[in-house]
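Here's the structure, in structure tokens; my notes come after.
Values in this text are rule-based calculations from the coordinates and carry no lab data. Predicted model only: the values in this text are computed from it and were never measured. Cβ sites come from the backbone with ideal geometry, for glycine too, and all protein chains shown count toward neighbours.
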Amino acid sequence: MASEKNGGSYRDMLGEILTKREYEEMVKGYDILGNIAILDIPKSLRKKEKKIADIIMKIHPSVKTVMAKAGAISGKLRIRGFRHVAGEKNKIATYRENNCVFKFDITRTFFSNRLSFERKRIVDLVKDKEKVLVLFSGVGPFSVEIAKAHPGCKVVGVELNKYASKAAEENVVLNKVTNVKCINADVRKATSKLKNSADRMIVPMPTASLGFLDEISVYAKKRAVVHLYSFGAAETVFADIADRLGKHAKANDYNIQIISKRVVGSYSSREIEVVIDYIIKK
Ligand SMILES: C[S@@+](CC[C@H](N)C(=O)[O-])C[C@H]1O[C@@H](n2cnc3c(N)ncnc32)[C@H](O)[C@@H]1O
């Protein structure tokens, strides 16, 4: 949920318009992408969403538009629908994160501000002069943040969504970085150019990243660090991923060394998102 600048006043103000039961239903709250707030509102509270939106705009004067999530993230391009709830009818977010700014249409691409900690974590791990490959790069948050913090690095982002890839190119310009190349392509089809190219690879596609182990191993240099994001069952996810990575390495004649494991977020009591950092040694 977005931070509350006025020390819990969102909760206090919500308490004034919601019953105790409604208040408990409003658990997921909202996210703020710069000028746009995104409400996650249960059906039962739709009748009060405009009042909730007014409270958010009052607490956060920089929010000019409130949209509500309409459906789940779906499809290859990981896009979700939104409904306009209040304020200006604008779908373009201008969002600042880790010293960078990103502009994009929230209805045409995936974007999650909940990954900002991960992006900073990776930026801090990158070493100058590395060749960094961001697979599934979206509107460029990983690519641009790495490139800005490490001008000596060469960063390549690969993204299938034509709109997102174009927005990434614009975000490269917006952030005045010159060391990012955006490729609008399917990760599976970019093979020949990217072969043995990466010192470090970021794989932020938690629904499907384990289906791309062939590409990851082909794009890695003789030694490369990989940050792989995946969903899985809370009790077994780390062991399951380690098993898949180990089997793929053995079958394809390379070695792996897992260097860290971290829970990124939990989306239900059963499924969590994790990141595994590992080294490929060919
Ligand atoms: C979960 S999003 C991550 C986006 C971005 N890295 C971020 O953090 O905002 C996954 C992205 O992968 C893209 N994608 C899905 N399948 C792909 C493929 N086969 N090749 C390249 N990109 C793909 C989607 O369009 C989507 O933008």
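Below 8 Å, C-alpha to C-alpha, sequence gap of six or more: please give me the relative contact order for the chain in percent.
11
Under the rule of at least 5 residues apart or a separate chain, name every residue whose amide H is placed under 5 Å from the amide H of Val134.
Residues meeting the criterion, in which the H sits 1.01 Å from N, are Val156, Gly157, Val158, Ile202.
So for Ser268, Ser137, fewest C-beta neighbours within 10 Å to most, what's the order?
On the way: Ser268 8, Ser137 29.
Ascending Cβ contact count within 10 Å gives the list Ser268, Ser137.
Using a 10 Å cut-off around each Cβ, can you sort Met201, Met13 from fewest to most neighbouring Cβ atoms?
So the residues, fewest neighbours to most, are Met13, Met201.
Among Gly75, Gly34, Gly138, whose mean-square fluctuation peaks in a Gaussian network model of the chain (Cα, cutoff 10 Å)?
Gly75
Pairs Lys162/Lys282; Lys69/Lys154; Lys148/Lys281; Lys129/Lys193; Lys129/Lys222: which are spaced more than 26 Å apart, C-alpha to C-alpha?
Those over the limit are Lys162/Lys282; Lys69/Lys154; Lys148/Lys281.
Take Asn196, project a point 7 Å from its Cα along the Cβ direction, then tell me which residues of the stretch 217-238 have their backbone nitrogen under 17 Å from it.
Counting backbone N atoms under 17 Å from the label point, the list is 217-225.
With each pseudo-label sitting 7 Å past Cα toward Cβ, what's the Ala251-Lys131 distance in nm, one decimal?
In this crude label model, Ala251 to Lys131 measures out at 2.7 nm.
Provide the FRET efficiency to the nearest 0.05 for the Arg21-Asp186 pair, computing r from the beta carbons and using R0 = 45 Å. Mind showing how you got there, number by number?
Values: r = 47 Å, r/R0 = 1.04.
Here the calculated transfer efficiency is 0.45.
Ile259's amide H: which non-local residues (gap 5+, or another chain) put their own amide H closer than 5 Å, with H modeled 1.01 Å from N in plane and none for Pro or chain starts?
Under 5 Å from the amide H of Ile259: Asp277, Tyr278, Ile279.
Within the chain, what's the longest stretch lacking GluC sites (Glu not before Pro) that sit in DSSP loops with no more than 16 other Cβ atoms inside 10 Å?
Answer from the scan: 89-234.
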